[in-house]
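Comments concern the structure below.
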Amino acid sequence: MKKWKVYYFVLFNDSTLQWFEEKDDRKPEGSICIRDIAQNLSVGPYTRCLPNRPPLPKPTDEANLIALPRSLNEHQNNSEIVWILCDDVTQLK
């Protein structure tokens, strides 16, 4: 089972979301254009129907879970989904 990792996220005006291992890193570990996958983005209880949903650490509110597919049709074909778990909803600002 994979463990959750801490990443730092930056959302740009063009809807690109990048994540970094360290706050001061210049090279992102990953990137997704939210505009391209918005119709398949899932949050909270809507992530229950997705394949390979990871177990959540306790105590965790599932409302803080976000699933981002790597491309438009990923939820349907069981491909890679980027799972983001925020500590609390204030981090979603």
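The values are calculated or read from the model by the stated rules, or taken from the named source; none is laboratory data. Everything quoted here is computed from the prediction, not taken from an experiment. Because the Cβ atoms are built from the backbone with ideal geometry, glycine has one as well, and the counts that use them run over all protein chains shown. The area values use the complete protein model at the heavy-atom level, side chains included, leaving out ligands, DNA and RNA. Shrake-Rupley method; radii C 1.70, N 1.55, O 1.52, S 1.80 Å.
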task = Select from 40, 52, 13 the residue whose mean-square fluctuation is largest in a Gaussian network model of the chain (Cα-Cα springs shorter than 10 Å).
result = 13
query = With a sphere of radius 13 Å drawn around the Cβ of residue 29, what net charge do the other residues whose Cβ falls strictly inside it have (Lys, Arg +1; Asp, Glu -1)?
reply = +1
ask   = Straight-line reach from residue 58: which lysines have a Cα under 16 Å away, not including same-chain ones fewer than 8 places off?
value = 2, 3, 5
query = Rounded to the nearest 500 deg cm²/dmol, what is the calculated helix-only ellipticity per residue at 222 nm for the chain, with -39500 (n - 2.57) per DSSP H run of length n ≥ 4?
reply = -1000 deg cm²/dmol
query = Taking only protein heavy atoms and a 1.4 Å probe, what accessible area per residue, in Å², does the chain have with all protein chains in place?
reply = 74
request  = Lys and Arg at +1, Asp and Glu at -1: add these up for the other residues within a Cβ distance under 13 Å of residue 17 and post the number.
outcome  = -1
